[in-house]
Amino acid sequence: MGIPVILDCDPGIDDAFSLAMAVASDDLDVLGVTTTYGNVGLELTTTNALRVLDWLGSDIPVYKGIDQALLGKVVDAAAVHGATGLEAPEIGPPTTTPQAEDAISFLIRTLRESEDKITLVASGPLTNLAMMLRLAPDVAAKIERIVFMGGSTDYGNDSPAAEFNMMCDPYSAQIVLDADVPKTMFGLNLTHQVLVTPQRKQAMHDLGNDTGRVFADMCGFFEKIYHSLGFEGPALHDPCTVAWVLQPELFETRSMRVDVETNTGLSFGRTVHDIWNIAGKDRHTDVALKADAGGFFDLMNGLLGRLR
Ligand code: RIB
Ligand code: CA
């Protein structure tokens, strides 16, 4: 049996890569996918999760989560991911529907029932996980680790200071960061090291299967905004989380205290990293600082190449 995981996501182009890698891997036992608002609204992120899984022929169940942050206005990243959140014409409409059980109930029930601890892989705003921890604090003891994409040790992408997933719901992010659960954080400082350069995009095409071609073309959709910012290609933020679960040696991490700025103002939503442990608080988060980008793309292409 593989590593038991639950993916909490807001598909989203890069979330779709996480889903595909998880479907392809024999080393993961994906117990379910929970969806959150984020890149686009909850209805669309849920539809997109179903579209990707159906297109890949996967029967991993999908559970709808929460449709907005605990506080604050609803934002999205449609400008980056497109109005549907997944501009991939070949990946048609879903052929299945989400489970009747909501995501929070599924997370709590599954964690309580599981004999083994479960790894939660989060690649969107952390509202679902925060609500789970508030409703059922006991489940923290059943979580192996929360591996999440969010924050940054340097600059933001939704504001000069804040990364999108954290900015969507800083209060939920702080609830998760405060949880007595091992965490591994993939911020923009790391994910901007794994860019889909033209060579890497061609390597996906060269896989010679539908998945390589369609996922390479997906990158084509959001490379424009990255080129406009001076990047050589789009960053594959979310699949860094799945890659770490499968091959942690691809990344260098350092344990430190991480908090989120929840006071409104210039730095609202920014993750604050106590790399020198100046505040003397618990170093409860392993922050990814360096990626073996070549190794990451080798892993990813090896998995995508196994699909349709
Ligand atoms: O800031 C990048 C993150 O926000 C990624 O997870 C992307 O999918 C969006 O959710
Ligand atoms: Ca995401």
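The values are calculated or read from the model by the stated rules, or taken from the named source; none is laboratory data. All values reported here derive from a predicted model rather than from experimental measurement. Note that each Cβ is placed from the backbone with ideal geometry, even for glycine, and that neighbours are counted across all protein chains shown. The area values use the complete protein model at the heavy-atom level, side chains included, leaving out ligands, DNA and RNA. Shrake-Rupley method; radii C 1.70, N 1.55, O 1.52, S 1.80 Å.
Some points to look at:
- Residue in the stretch 199-211 that is modelled with pLDDT of 95 or more and within 16 Å of ligand 1 (Cβ to nearest atom) present: no
- Listing of helices (runs of 4 or more DSSP H) fully contained in the stretch 120-193 that carry 1 or more residues being open to solvent by 10 Å² or more (accessible area, probe 1.4 Å) and farther than 22 Å from A293 by Cβ: 127-135, 164-168, 170-178
- Within the stretch 102-161, being under 22 Å from W244 (Cα atoms) and of a type in the set (D, E) holds for D116, E144, D154.
- Per-region count, the stretch 30-55, residues without any contact (Cβ under 8 Å) to a residue 60 or more places away in the chain and either under 23 Å from V245 (Cβ atoms) or not small (G, A, S) (or both): 15
- Pair list, Cβ < 6 Å and 6+ apart or interchain, from the stretch 172-201 residues that are under 13 Å from C240 (Cβ atoms) and of a type outside the set (V, I, T) to residues that are in a strand (DSSP E or B) and open to solvent by 10 Å² or more (accessible area, probe 1.4 Å): L190/A291; Q193/A291
- A20 passes every criterion in (1) among the small types (G, A, S); (2) under 13 Å from A88 (Cβ atoms); (3) surrounded by fewer than 21 Cβ atoms within 10 Å (Cβ to Cβ) apart from (3).
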